[in-house]
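Notes follow the structure.
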Amino acid sequence: MGIGIHWLEGEQELAKRNSCIITGHYESESAATLFHGDRLQLLEEIPDAAAGLIVTSPPYNIGKKYERRLSFGDYLKLQRDTLRESVRILSPKGSLCWEVGNHIGKDGEVFPLDIFVYRICKRLGLKLRNRIIWTFDHGLHCRNRLSGRYETVLWFTKTDNYVFNLDPIRVPQKYPGKKYFKGEKAGQYSCNPLGKNPGDIWTIPNVKHNHVEKTSHPCQFPIELVERLVLALTNRGDLVVDPYIGVGSTACAAVLHGRRAAGADTVASYLQIARERVKRALEGELRRRPLGRPIYQPSPNDRIARRPENLSRVDSVQPHLFATA
């Protein structure tokens with residue numbers, strides 16, 4: 001069966017085939033809905049309890065070109081509005097994953113957004129299952145504080161009876177040959193042959209300039225991060241919703257694994273990129289970093305910058321920084 005795509009932008013139909021569709025408004029049979037407009041307008045189109053997973057990374061209110069900087073209180077109100085509607089459309093067995101970093105005030109003060117999001121979600125009746133730390137090695141280099149190298153995914157559920165599939169996201173065992181040395185299981189392997197639980201600290205490269213998935217979006221999700229959540233927290237055919245879809249990484253992760261997707265963005269150029277990426281994902285042609293690929297490490301033969309032998313670490317530190325009062 002051929003893969004078909006159609007997309008409606010206003011009254012113009014950009015492409016049409018016959019089996020899977022990308023639409024501009026929510027339709028339950030769509031492979032993906034990419035809505036051009038406010039996220040609340042899209043969420044209003046989705047019925048109660050229809051979504052198996054809601055996963056997003058909302059704007060951090062730091063003045064990026066796709067957002068209007070607001071007072072912190074007004075920003076949190078927007079988050080409450082989005083979260084309230086998200087809870088309405090979430091299935092009783094569903095999960096909500098809110099990926100956030102820090103809001104930086106005008107005076108440089110750091111506001112950890114996960115703390116504020118947690119309070120909102122608790123008031124909406126959600127239960128926190130994990131606070132997942134996403135770490136990465138590259139990012140902005142700070143001058144007046146340590147450079148940030150992690151963000152947080154808050155995983156909430158609506159009830160105590162929720163979907164959780166561990167096996168699809170297991171990672172290789174650290175000691176795969178380890179065996180029991182006594183008791184009834186002596187001599188048998190002590191680890192799960194499918195791999196181990198990945199834990200709540202995930203090291204996944206973020207999308208920077210040399211990343212295979214890089215687009216024009218300045219704060220782009222790596223597909224691999226969303227894939228873990230999709231595989232663990234949904235079943236095939238479930239609806240995955242991203243209220244701030246951007247260039248469509250969440251939708252790509254969903255359709256790659258037989259789920260449906262829906263998301264909104266106010267920037268038309270991002271949605272144009274999103275639908276091209278989703279189209280390629282449906283056709284098996286999307287270039288991406290494969291799920292579970294090891295992090296790159298330089299080999300001994302690589303040409304790399306090395307610390308001069310005549311410069312010790314102590315020599316490079318300013319002594320007055322350690323002076324006592």
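For every residue, the table says whether it meets (1) among the small types (Gly, Ala, Ser); (2) surrounded by 24 or more Cβ atoms within 10 Å (Cβ to Cβ).
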| position | (1), (2) |
| --- | --- |
| CYS219 | no, no |
| VAL226 | no, yes |
| GLY237 | yes, no |
| HIS257 | no, no |
| THR266 | no, no |
| ALA274 | yes, yes |
Members of the range 25-46 found to be under 20 Å from SER269 (Cβ atoms) and assigned to a loop (DSSP other than H, G, I, E, B), listed by number: HIS25, GLY37, ASP38
The listed residue being within 30 Å of GLN41 (Cβ to Cβ), hydroxyl-bearing (Ser, Thr, Tyr) and loosely packed, with under 15 Cβ neighbours inside 10 Å, out of SER91, SER71: SER71
Test: residue in the range 226-239 that is part of a loop (DSSP other than H, G, I, E, B), more than 19 Å from PHE35 (Cα to Cα) and in contact (Cβ under 8 Å) with a residue 40 or more places away in the chain: yes
Failed item, numbered, when PHE164 is tested on (1) touching a residue at least 60 places away in the same chain (Cβ under 8 Å); (2) under 25 Å from ARG69 (Cβ atoms): (2)
Output for the range 61-77, where each listed residue is out of contact with any Asp or Glu (no Cβ under 7 Å at 6 or more places or on another chain) and modelled with pLDDT under 85: ILE62, GLY63, LYS64, LYS65, TYR66, GLU67, ARG68, ARG69, LEU70
Filter result for ALA274 (at pLDDT 90 or above, part of a helix (DSSP H, G or I) and in contact with a strand residue (DSSP E or B) (Cβ under 9 Å, 6 or more places away or on another chain)): yes
Among (1) under 24 Å from ALA262 (Cα atoms); (2) touching a strand residue (DSSP E or B) at 6+ places or on another chain (Cβ under 6 Å), the one test that ILE120 misses: (2)
Some residue of the range 212-219 being among the β-branched types (Val, Ile, Thr) and at pLDDT below 90: yes
Matching entry among THR215, THR152 (being more than 16 Å from TRP98 (Cβ to Cβ), touching a residue at least 24 places away in the same chain (Cβ under 8 Å) and of a type in the set (Val, Ile, Thr)): THR215
Test: residue in the range 204-212 that is crowded, with 22+ Cβ neighbours inside 10 Å and not aromatic (Phe, Trp, Tyr): yes
Test set (1) touching a helix residue (DSSP H, G or I) at 6+ places or on another chain (Cβ under 8 Å); (2) modelled with pLDDT of 95 or more; (3) within 25 Å of LYS158 (Cβ to Cβ) - PRO58 fails condition number: (2)
Long-range neighbours under 7 Å by Cβ, at least six apart or interchain, first residue closer than 11 Å to VAL241 by Cα within the range 80-92, second of a type in the set (A, V, I, L, M, F, W, C) and in a strand (DSSP E or B): SER86/ILE54; SER86/LEU96; ILE89/ALA51; ILE89/VAL241; LEU90/ALA51; LEU90/ILE54; LEU90/LEU96
Extreme residue, farthest from ILE104 (Cα to Cα), among residues of the range 143-200 that are in a loop (DSSP other than H, G, I, E, B) and aliphatic (A, V, I, L, M): ALA186
Residues of the range 118-163 satisfying the condition of being surrounded by 13 or more Cβ atoms within 10 Å (Cβ to Cβ), more than 19 Å from THR56 (Cβ to Cβ) and modelled with pLDDT of 95 or more: THR159
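The values are calculated or read from the model by the stated rules, or taken from the named source; none is laboratory data. Every value quoted in this text rests on a predicted model; they were computed, and no experiment measured them. In this analysis, Cβ positions are derived from the backbone assuming ideal geometry, glycine residues included, and neighbour counts consider all displayed protein chains.
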